[in-house]
Every structure is written in structure tokens, then in C-alpha cells.
Amino acid sequence: MPLQKLQFRPGVNRESTTLANEGGWFESDKVRFRSGSAEKIGGWVADTGTSNATLAPPTGSFWGVCRSLWNWITLSSYNLLGVGTNLKFYIQNSTGGTFYDVTPLRVTTAAGDVTFAATNGSTTLTVTDAAHGAQAGDFVTYSGAIALSTQTYTASAATDKITFTTALTNGTTLQLFTTGTAPAGLAIATTYYVVNSDTPTASCKLSLTSGGVAIDITGAGTGTQTFALTTGITATVLNKEYQVVAVTSNNVYTITSTVAANASDTGNGGGATVGAYQITTGSATSTTSVGWGAGGWGGITTGYTSTGWGSPAPAGVGFGTQLRLWSQSNYGQDLIFNPRGGGLYYWAVNANPNIFDRGTLLTTGDTPDICNFVMVSDASRFVIGFGVNDYGSATQNPLLIRWSDQEDYTQWTPAVTNQAGSYTLSHGSQIVSAIQSRQEILVWTDAALYSMQYLGAPYVWGFQILADNLSIASQNAVASANNVVYWMGVDKFYMYSGRVETLPCTLRSYVYNDINMSQASQFFAGTNEGFNEVWWYYCSSTSTTIDKYVVYNYLERVWYYGTLARTAWMDSPLRTEPMATTYGNQLVYHETGVDDGTTNPPSAITAYVQSADFDIGDGHNFGFVWRLIPDVTFDGSTVTAPTLDFTVRPRQFPGSNYGDSNNPEVISSISYAGQRTYNVQQFTEQVYVRIRGRQMAFKVSSDTLGTAWQLGVPRIEVRPDGRR
């Protein structure tokens, strides 16, 4: 019989059975369609930047799961990236640059409010701070503390000896402190060694070197003289950033020291310790129920307070216990950012480009105290808060929109002399998201879509409803490409190009039959403009973390899907490649190379696409395939002999399992190690197989390093082979 082309419609269709979709593709992973042909997606590499904090993250470049990225350029041409995680907020200075921790502070204590207690041999430190307001996972930085081994002493000019409250052995190292002047001949904050120890009297002399010459003390000094050992819980150990491990009461919590305490660590850190607490951390996953008796029997835990059956959830639950989502937008070269359910924060560029100050809470001019989403309008530069508290009220109205005066983020009080104002939407129960579009801002509630347009004084902003009885899956499930807005609903996909339409999807049943909507807040969308794609990442039905994606190619109007764990995405023209973040707390650049560069050494990306079943003469006879002629290009590969697997999978009936398959390899006969593209491809010319079935599926796959490929039109030689 003549050769039969294996040519399939572009895109993946799971809306019918494998046989009903004959002539199309049915499965895919890490494969896209370009110009109608299937090809492996590009690889990714990790950004090389590291955190500037002394408390280094356990993995990756930053603390926490990133949920928000925002890229902008300063007036000095610095390429900045805002990174909002469930634990902190960072700004990265340029590709591969440092991730600066600019997390705002919630409160800074007065000197002496914080004290410590240690247990010999343990790294756990108990911290006492009345009404600290912290919860487990929060971060705090201490300053002004002295070592826990601090004790008093007296100095004698006559004998050159120091007398301690407890005896010290020769070779012990210590530093001196004083509330007045140090004994003449000695200096504070200098490391000394004990020599000539007189154990019965707890007196000794001091030297600058171990076993060295004793120092001549010529005066006793004034004030209270103290010393601290340079081992155990020293001032250096205490005066830095820590993460709260557990909260035991309103006034007490624990942290973990980098060194274990010793028997001399009996002090409390002195009377001048200051604690600077960062804003409350958030959750990396969603809490599924909120309200009266939220949580299971025994309830949920917020810090140290538990609530359960018969108890109302704490006021404001959602900030600090719900999934932490950020919104951010640059105000000129500065940044305004907001944790969902929290306040508005402002970060200003420092005159010194090497200094990145912490963000500060905006409090003046009736600035909203509670906000679910913030943006800076392109039209006339207003700061707009969505789902905020009203003027003079501490209660959040989830349908209220407020905006600042034009070009003044500090003035939110409406007056005849400014353009500050507010508007309450009427459809839905809360505002979910908003996005800048052409000549308008689109605002989603959980039931409707609104258009928000700038009118000028006196109304300032006008609102009209574009569609009702629709949905949006989450705050970040929307993306804009080519002046068309696409978003994921709770049961289908939508698009807006001047009117709201359902977006036809050949994967709708596949996606929504295997999705965990209790974690919908994690879902997010992003564009890959170089390939005309909109990507949605979501959790499968058995996962509480992002593990799947679905892609719409708006140029070719086709869909495909796969598995990949990402937490945020941004395709910015200010950086060369699309950016994403991982659960390993890394920033990665996609469409770079052909392998997974987050591992060292890089690892291969497993990619495949499989067709729906095709048959011979409607399956009346068995077909016998004995020869396959490949057609593929390996352009873009980086190894000497890139390899691709071709598989023909037979079965007898639509309800049968696939039978034994041959998996011939197609290997390039030209090297891509030094040259990435060739005008004439050379690879395995033909392969011989023995496949028999009434219907068959065709699969192309790769799992080797350095391999890139695009499928052409392979052919098979098949002949009828009887009816049974």
C-alpha cells in the first residue's frame, strides 16, 4: 500500500473520545504548536541573584512562595523587579542582581521591652515582649542586646586583677561593657583572654593573647562594670534577624539561635533590646473555610489563639492566615504595593542606588487601612484601591473602590479642590481583580465585570457593567495580550475584546474535571508574547500546590496542556525572557536553552505529544505497520546527536488497552554542539516496526539533555491484515 501521512490538526482536543477526535492530538506535556506543528517548549535557567539578608533563606534566593512579580525601570535606568512572597517582599536590582528585603515593619518596640531566656545546651531562646502581636513564621530583628552571659566585675589598679562573680579558667575569652568609663588600660568591645586565674577568689588578669602578658590596669573605672563571654549566646548572636518558631502566649514566643547556650548564659539580654517586627506573614495555601467555627474540630490557629466549633473566627481572618496575595504598581520610579486584606505600602528609590530601604505604611490623607487590590492608573496617575474601608470607618467594604487625588498618593479625602473619590459596585459580594486595558480599567467582582473609565471632574471616574452572571477563578487568573483580555472562570474561560465572550476551549472538560477549586486563589495567568500564548497555572484535584498548566495560543486559536510547578509569572519587555518563580524559591527565565537549568547540572525536560486514535477503513480490518519514515527538525539542540522517540501504539477496540509498541529512536546524524541550525536536516531515514491493531495512536517524545525538536509530517507504511 502507499505510504500514509501522519498529519494531525494543531492543538490538543480532549472534549471527545480518542476515536471521535481522529485526525487530532489528544495528549501533551511541555509541547506547543507553532505554525501548525508540534514542538518542544524552550527550557529555563535560574536567576543567579541572592538575598542580602543575614538570615538566609533555607533554599533559593528568597523566603516564601512568590505570588507576584512587577518589573519597572527607574530614572537612573535600574531594572527593578518587585517580588511578593507569603513571607516577605523583595526588590531585585537587575537580572542576576541582589534580592533586597524591603518588607515593611509592623511595629518597633521601645528599648528594653524585649528580654531573652536560654537553657543550657539548647538552641531554643524564649523571648518575652508584652503584647507582641506576632504569629509563628513572622520575622523580627533585634538590636541593642548584650550577651546572656553578662556578669559584673571589679577592677584593681593595685593588683592589675579583675574579680568576677564566678571563677573563670585560664584561656577563657570575654569582652567588657560599662555604663561609665572602662578601667584604665582596658577597652570595651575588645576580646581579652583570662590569665593567672585564681579560682578560689574568682579573680584573674587579662591579656590580649592566649597565655600572653597581663595588662597593666591603672584605674578602676566608673559606673557598672560588666563582662560577657565570647562563647554561647553573645550580643552578635542576638542582634540580627530571626523567624518566630512558636507563640505560647500574648507575651511570649520562641526563636532558634544559631548556637547552643552554655551554663553561663543566665542573663536576659540587658535593658536596651529593641525588637523590629515585620508585617505579619501569610499562608502559602488557602484556608478553605472562614467564619463561625472555621476549621475542623479544634479550629484554626492564628498565632497562639485557636478557634473551633462554636467559636467565631478571629476578626480580619484572611490576612495572616489566608493565602498571601500581593498587588503592586510603580508610581513613577517608586512602588506602591499591598498584601490582600492589608494596608497600602510605599517604597521610594534611595538617592544611593546601593541602599534599598524598607517599604512604609501609607497613613495620611484618609488612606485606606484595608485594601484587597491596588493599582496606579495610566490615565492621570491615580492610586486606586479596590475592596477598601470607607472614609472614617474601620470596616472593609469588599465592593468599595476609592482613589487618591490625581498625582498625589497621600490625599484620599474628597474635596472640591481635588479629584479623590469613591464608588461602590452593586453586583457580586466582593471585588476579585482588576487590570489596565485600552482606555479603561476592567474590574471583576465574583459575579460581574465592570468598565472603569476616566471622565475628569466632577465625576472623575465612570462605571458601567459589561457583563453579569460570570466568574473569575482568582485575583491573578487574568492576562491581557494584543488588547484582548483573557481570564479563567470557575467553570469556563472568557475573553473581552470590546465585548465579553466565552472562549471556546477544546480542553474545558479535561481542565475542570481535574481541578482543586478550594485552592483557586493560587491560580494565575501569564502571557508568552514571543509565542502568542496565554498560560494558566492551576492545582489538579489531588494537589494543594500548582502542578498543571493549560495554554491558549491566540494566533492559531488552539489549546494544549501539561505539568509544571510554578507560583508566579511575568513576561516583561524590560527583561529578555519571560520570568517565573518556583516552589524552590527561585526566579527562573523561560525560553532559555532547552533543559531544566534549575538543577546543577541541568536536567533533561521530558516532553511528548500523542495523537488521538486513527484506523484503517473505519477499523473493519486490522492494520499492520511495518515501516515508519520520520520527518523532524532538531534545530536549536545543543548536543552532538539529539534523539527523539517515535511510538505507534495499537489497540483492537476503543475500550481496549494499548498493546505492545515499538519505540524506535530517531537520531540526528549532524552535530548541534557547535551549530544550532541547519538548512538541510539529516537524521534516521527510516525505521522498521511490527505493529498490528484496528486503531492506533502516534506518540512523539524526548527525555534527553540538549534536545530541541519540531515535528514535520512523518509517514507510515501500513497494510490490511485480516479481520481478527
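The values are calculated or read from the model by the stated rules, or taken from the named source; none is laboratory data. Treat the numbers as computed from the prediction; the structure is a model and nothing was measured. Positions of Cβ are backbone-derived with ideal geometry, glycine not excepted, and every protein chain shown enters the neighbour counts. The protein model used for the area step is the full one, side chains on, heavy atoms only, and it has no ligands, DNA or RNA in it. Shrake-Rupley method; radii C 1.70, N 1.55, O 1.52, S 1.80 Å.
In nm, give the distance between the simple-model label positions of residue 600 and residue 75, each being 7 Å from the Cα along the Cα-to-Cβ direction.
So the two model labels end up 4.0 nm from each other.
Report ³J(HN,Hα) in whole Hz for each residue of the stretch 3-9, in order, from the Karplus equation J = 6.51 cos²θ - 1.76 cosθ + 1.60 where θ = phi - 60°; Gly and Pro get x.
5, 10, 6, 9, 10, 10, 5
Hey, got the dipole for the chain? About the Cα centre, +1 on K and R Cβ, -1 on D and E Cβ, debye to the nearest 20? Let's see the in-between values first.
Values: 38 positive and 51 negative charges, 259 e Å.
For this selection, approximately 1240 debye.
For every helix of n ≥ 4 consecutive DSSP H residues, a contribution of -39,500 (n - 2.57) applies; sum these over the chain, divide by its total residues, and give [θ] at 222 nm rounded to the nearest 500 deg cm²/dmol. Numbers along the way, then the final one.
Working: 2 runs with 9 residues, N = 724.
0 deg cm²/dmol, from helical runs alone.
Please tell me the relative contact order of the stretch 109-182 in percent, rounded to the nearest whole number, where contacts are Cα pairs under 8 Å and at least six residues apart. Mind dumping the intermediate values first?
Values: 38 pairs, mean separation 12.7, N = 74.
In percent, rounded to a whole number, it is 17.
Using 7 Å Cα-to-Cβ label points, what is the residue 583/residue 565 separation (nm, one decimal)?
Here the answer is 0.3 nm between the modelled labels.
Can you compute the charge dipole magnitude of the stretch 28-164 about its Cα centre, using +1 on each Lys and Arg Cβ and -1 on each Asp and Glu Cβ, nothing else charged? Give it in debye, rounded to the nearest 20. Present the calculation step by step, with values, prior to reporting the outcome.
Numbers: 8 positive and 8 negative charges, 106 e Å.
For this selection, approximately 520 debye.
Would you mind checking which residues have amide H under 5 Å from residue 327's amide H? H placed 1.01 Å from N; only 5 or more apart, or other chain.
338, 340, 374
Of all beta bridges DSSP finds with both residues in the stretch 458-576, what is the antiparallel percent, to the nearest 5? Mind dumping the intermediate values first?
Values: 28 of 29 bridges.
Once the DSSP bridges in the stretch 458-576 are tallied, antiparallel ones form about 95 percent.
What does the extension gain come out to for residue 513 and residue 220, with contour length at 0.36 nm per residue minus their alpha carbon separation?
Gain on stretching residue 513 to residue 220: 97.4 nm.
Mind checking the log10 I(q)/I(0) for the stretch 128-215 at q = 0.13, 0.18, 0.24, 0.26 Å⁻¹? Debye, one equal scatterer per Cα, no solvent, two decimals.
Cα-only, vacuum Debye calculation for the stretch 128-215: -0.52, -0.78, -1.30, -1.53.
As I understand it, the dipole of the chain uses +1 on the Cβ of Lys and Arg and -1 on the Cβ of Asp and Glu, about the Cα centre. Which of 16, 254, 135 lies farthest toward its positive end?
16
Note down the nm distance, to one decimal, between modelled labels 7 Å out along Cα→Cβ at residue 417 and at residue 169.
Taking the simple label geometry, residue 417 and residue 169 are separated by 7.6 nm.
Stretch residue 457-residue 544 to full length: gain in nm at 0.36 nm per residue minus the Cα-Cα span?
Numbers: separation 87, 0.36 × 87 = 31.32 nm, distance 4.71 nm.
Stretched out fully, the residue 457 to residue 544 stretch lengthens by 26.6 nm.
If you take the beta carbon distance between residue 652 and residue 631 as r and set R0 to 22 Å, what does 1/(1 + (r/R0)^6) give as a FRET efficiency, to the nearest 0.05? Let's see the in-between values first.
Values: r = 28 Å, r/R0 = 1.28.
Approximately 0.20, to the nearest 0.05.
So for the stretch 13-135, what percent of the C-alpha to C-alpha distances run longer than 25 Å? Write down the numbers at each step before the final one.
Values: 4326 of 7503 pairs.
Percentage above 25 Å: 58.
Taking only protein heavy atoms and a 1.4 Å probe, what accessible area per residue, in Å², does the chain have with all protein chains in place?
On the way: 29500 Å² over 724 residues.
Per residue, the chain has an accessible area of 41 Å².
What's the FRET efficiency of residue 429 with residue 381 using the Cβ-Cβ distance as r and R₀ = 41 Å, to the nearest 0.05? Each step should come with its number before you reach the end.
Details: r = 30 Å, r/R0 = 0.74.
E between residue 429 and residue 381, to the nearest 0.05, is 0.85.
Could you tell me which residue out of 325, 145, 532 lies farthest along the dipole of the chain toward its positive end? Charges go on the beta carbon: Lys and Arg +1, Asp and Glu -1, centred on the Cα centre.
532
Of all alpha-carbon pairs in the stretch 437-571, indicate the percentage at a distance above 20 angstrom.
Details: 4084 of 9045 pairs.
Of all Cα-Cα pairs in the stretch 437-571, 45 percent lie more than 20 Å apart.
Out of all Cα-Cα pairs in the chain, roughly what percent, to the nearest whole number, are more than 52 Å apart? Walk me through the intermediate numbers first.
Details: 77524 of 261726 pairs.
Result for the distance tail: 30 percent.
Using a 1.4 angstrom probe on the protein heavy atoms only, could you order 407, 717 from most to least accessible area?
Values: 407 100, 717 30 Å².
Largest accessible area first, the list is 407, 717.
For the chain, what does the relative contact order come out to in percent, with C-alpha contacts under 8 Å and a separation of six or more? Don't jump to the answer; show the numbers that get you there.
Values: 1993 pairs, mean separation 106.0, N = 724.
Dividing the mean separation by the residue count of the chain yields 15 percent.
Using heavy-atom solvent-accessible surface (probe 1.4 Å) with all chains present, what is the largest-first order of 381, 651, 499? Could you put the intermediate results ahead of the total?
Working: 381 75, 651 30, 499 155 Å².
In descending accessible area the options line up as 499, 381, 651.
Keeping the other protein chains in place, figure out the carbon and sulfur percent of the accessible area of the chain, with a 1.4 Å probe.
Details: 14660 of 29500 Å².
C and S fraction of accessible area: 50 percent.
Can you give the three extents of the C-alpha atoms in the stretch 560-634 along their principal axes, from longest to shortest, in whole Å?
56, 25, 23
Just to verify a number: what accessible area does residue 501 come out at with the full protein assembly present, 1.4 Å probe, Å² rounded to tens?
Estimated to the nearest 10 Å², residue 501 gives 60 Å².
Assuming R0 = 30 Å, what is the FRET efficiency of residue 188 and residue 266, from their Cβ-Cβ distance, to the nearest 0.05?
Values: r = 21 Å, r/R0 = 0.70.
The value I calculate is 0.90.
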